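**Student:** One structure coming up, written as structure tokens, with questions to follow.
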Amino acid sequence: TSSNRAWQCFAKALIPGGYTLYAVDLRGRGDSSSLPGPFGMSSHVRDMVAVIDHLGIEKIDLIGHSMGAFVAVALVGSAPERISRTVLIDGGIALPLPAGFTVEQVLPYVIGPALTRLSMTFDSYESYRNYWRPLPAFVKGWTPVLEEYVDYDLRGTPPEMHSSVNPKAVEEDSVDLFRSDFINEALENLSDEILMLRAERGLQNEDVPLYPIEPLTEALKRFPKVKLITVSDTNHYDILLDQSGADTCAEIIYGVGGSST
């Protein structure tokens, strides 16, 4: 349910080093929220190839965060000739379902909180900020970057404002991640090494991260081309939405960093 505004701090870290960053609102999010379905990884791959073509760039570096990392894997599996290097940030690896559970049973736990927010209305930008401010993920403090991230997502007219995200996109994309073998096949057939940056803590800043090290290490045995680095003192959100986390990612990937490196 994120948007291109998740990349503000990363852009700040890269631009002084001479890099150009193109951050995309995936279909169903942000300014792409009005685009129709179908959703899912195949649609996102077509969209991303169209973006690369529109930019007139033959080969790009591809960096995806969270669900965007799965889109990155799907893209490098479908159009490797358009990709120079690939980086996954706290996403892109499908961990197995808990024993005895089906997709239908697990999905409410995965997307339930997001769908609840998408069904809510807010009377002002300030009330939407107040919804986000107390979340444990933002323990490092509320910043202008977070305010921009939250404000950009809010659409409509007071007092009936709502998130830009299309709930149908969230549902279809999530099911696709669990049910499609394409992601695993793409990772198994990589010709070049890709980098995965793992946050140390989870979505709500809990000690158990989105990718616990033991099951992730086991999963990566299938994907020898994936190189894993854990980014200390980060959670799933602030690995990009806090300047220190974004600087660390930029330093690892490109050897450049922003003001806090």
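**Student:** Could you pull out every residue, at least 5 positions away or on a different chain, whose amide H is within less than 5 Å of the one on Ile60? Hs are placed 1.01 Å off N in the peptide plane, and Pro or chain starts have none.
**Tutor:** Counting only residues 5 or more places away or on other chains, the set is Ile83, Ser84.
**Student:** What ranking of Val103, Val139, Val51 comes out by heavy-atom accessible area, probe 1.4 Å, highest first? Provide the component values of the computation, followed by the final result.
**Tutor:** Details: Val103 20, Val139 95, Val51 50 Å².
Output order, biggest surface exposure first: Val139, Val51, Val103.
**Student:** Just for the Cα atoms in the range 129-261, what are the lengths along the principal axes, largest first, rounded to whole Å?
**Tutor:** Principal extents (largest minus smallest coordinate, Cα): 51, 39, 27 Å.
**Student:** Additional query: Taking only pairs that are 8 or more places apart or on different chains, how many Lys pairs in the chain have Cα atoms under 23 angstrom apart?
**Tutor:** The number of close lysine pairs in the chain is 4.
**Student:** In whole percent, how big is the carbon plus sulfur part of the accessible area of the range 22-116, probe 1.4 Å, protein atoms only?
**Tutor:** Values: 2580 of 4390 Å².
About 59 percent, which is the carbon plus sulfur part of the accessible surface.
**Student:** Let me ask something else about it. Just the Kirkwood number for the chain, please: inverse of mean 1/r across all distinct Cα pairs, in Å, one decimal.
**Tutor:** On the way: mean 1/r = 0.0529 Å⁻¹.
Every distinct Cα pair counted, the radius reaches 18.9 Å.
**Student:** Related question: Using DSSP to define loop residues, name the GluC sites (Glu not before Pro) in the range 48-112 whose beta-carbon has at most 14 other beta-carbon atoms within 10 Å. Walk me through the numbers on the way to the answer.
**Tutor:** On the way: sites: Glu58, Glu81, Glu104; in loops: Glu58.
When the GluC sites (Glu not before Pro) of the range 48-112 are filtered for loop state and at most 14 Cβ neighbours within 10 Å, Glu58 remain.
**Student:** When the Cα atoms of the range 112-175 are enclosed in a convex hull and the volume is divided per residue, what value in Å³ results? Can you show the working numbers first?
**Tutor:** On the way: hull volume 5.9 nm³, N = 64.
Spelled out: Cα convex hull of the range 112-175, divided by residues, is 93 Å³.
**Student:** If you count only protein heavy atoms with a 1.4 Å probe, what accessible area per residue comes out for the chain, rounded to a whole Å²?
**Tutor:** Values: 12400 Å² over 261 residues.
On a per-residue basis, 47 Å².
**Student:** In square angstrom, rounded to the nearest 10, how much accessible surface does Phe70 have for a 1.4 Å probe?
**Tutor:** For Phe70, solvent-accessible area is about 20 Å².
**Student:** For Thr230, list long-range residues whose amide hydrogen, built 1.01 Å from N in the peptide plane, is under 5 Å from its own amide hydrogen.
**Tutor:** Hits under the 5 Å cutoff: Arg198.
The values are calculated or read from the model by the stated rules, or taken from the named source; none is laboratory data. Just so you know, these numbers come straight off a predicted model, no measurement behind them. Note that we place each Cβ from the backbone using ideal geometry, even for glycine, and neighbour counts take in every protein chain shown. Ligands, DNA and RNA are stripped out before the accessible areas are found, and what is left, the full protein with its side chains, is counted by its heavy atoms. Shrake-Rupley method; radii C 1.70, N 1.55, O 1.52, S 1.80 Å.
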